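Written below as structure tokens is the structure these notes are about.
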Amino acid sequence: MFLFTTQTVDSSSTNVVDQATEQLSAWQKYWQAINWDRVFSILIQKGLTILAVLLLFYLIRKIGSFLINQSFERQKKKMTDNATRIETIHALSINIFSYTLFFFFLYSILDTLGIPVGSLLAGAGIAGIAIGLGAQGFTNDIITGFFIIMEQQIDVGDYIRLTDLSVEGTVTSVGIRMLQMKSTDGTVHFIPNRNITTISNLSRAHMQVKVDIRIQPDEGYDKISRLIDEANQKLAEEFNDEIFDGPSLFGMVDLGNSNYAIRTILYVTNGKQYKLQEEFLSAYVKILTKNGFTIPNNPISIGK
């Protein structure tokens, strides 16, 4: 019995060793069959070709960007009154150039590696129908962006309000797919063009500023008006470069519930309206307080 067991173990061990030997021999034959000179030659050739492609596209990108930048710099000097429009097209041109260059770069790398780009494109054409059904939003972005740029609805640097999205801020980038803008609190918004329906551009004309100072009419409306007008004249000289029209004393207005104010209207350079509104109101408060007039501070309750 012992001898039979020993013979069985020896037979099994011999089979395992033989199988391992055969596999090792097969790997050795496969390894020895590889033409390593040809492999290294191909690797070196492909590596040098890819390096040359990288260098070539790097030079093309540098030269192309330089020529685009120089071209738009010359246009800015010739058309100083439309600098924001030129800046918008400049940024768009750089983006289109970069995307196009990347496409050809990727095509060249795949072709160098021996990947059948033509077959991939054919396969992509077959799958394009399915992909296109899910890319309607992307197409809408491009079409909407094209009309926004061509119709000059907004430019880089404009302060705009997107009414439907309840977002406003300064435009930092206008692309054919996405709009980028920065709010006054520093928040940067990235908005797909298809979501833009109504654009309120606050940078295309001078802004109206209304300054109301509450008064007690029974303290002497005429004298109060003269003091306000005196303050207006001083401020008009101080901010002459920023005020387009006015300030004009509109007169007394009824704020409701027996509350009255004297209103001044002026038109100022866009972006300066809040600063000048504060300057005018501060000057009114100082001059009226200095001359002993009361400035009501009770809450205004409408409809009571």
Please work out if THR294 is at pLDDT 80 or above, open to solvent by 50 Å² or more (accessible area, probe 1.4 Å) and of a type in the set (Ser, Thr, Tyr). yes
Looking across segment 215-237 at residues that are in contact (Cβ under 8 Å) with a residue 24 or more places away in the chain and of a type in the set (Asp, Glu), the single one that is farthest from ILE265 (Cα to Cα) is GLU219
Out of contact with any Pro (no Cβ under 6 Å at 6 or more places or on another chain), surrounded by 12 or more Cβ atoms within 10 Å (Cβ to Cβ) and either of a type in the set (Ser, Thr, Tyr) or at pLDDT below 75 (or both): does that describe GLU87? yes
GLY157 fails exactly one of (1) surrounded by fewer than 16 Cβ atoms within 10 Å (Cβ to Cβ); (2) within 30 Å of ASP254 (Cβ to Cβ), namely (2)
Residues of segment 170-210 that turn out to be open to solvent by 40 Å² or more (accessible area, probe 1.4 Å), hydrophobic (A, V, I, L, M, F, W, C) and farther than 25 Å from HIS90 by Cβ, as a count: 1
Examine segment 98-113 for a residue that is part of a loop (DSSP other than H, G, I, E, B) and either open to solvent by 60 Å² or more (accessible area, probe 1.4 Å) or modelled with pLDDT of 75 or more (or both), and state whether such a residue exists. yes
Please go through segment 211-229 and pick out each residue that is of a type in the set (Asp, Glu), surrounded by 12 or more Cβ atoms within 10 Å (Cβ to Cβ) and part of a helix (DSSP H, G or I). GLU219, ASP229
Give the number of residues within segment 256-278 that are crowded, with 17+ Cβ neighbours inside 10 Å and not in a strand (DSSP E or B). 4
So, first residue without any contact (Cβ under 8 Å) to a residue 12 or more places away in the chain in segment 252-263, second residue open to solvent by 50 Å² or more (accessible area, probe 1.4 Å), Cβ within less than 9 Å, six or more apart or across chains; the pairs are ASP254/TYR260
Residues in segment 237-255: is at least one assigned to a helix (DSSP H, G or I) and open to solvent by 80 Å² or more (accessible area, probe 1.4 Å)? yes
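The values are calculated or read from the model by the stated rules, or taken from the named source; none is laboratory data. In this text the structure is predicted, and so the values were computed from the model without any measurement. No Cβ is skipped: glycine too gets one built from the backbone with ideal geometry, and neighbour counts run over all protein chains shown. When the accessible area is computed, the model is the full protein with side chains, heavy atoms only, and any ligands, DNA or RNA have been set aside. Shrake-Rupley method; radii C 1.70, N 1.55, O 1.52, S 1.80 Å.
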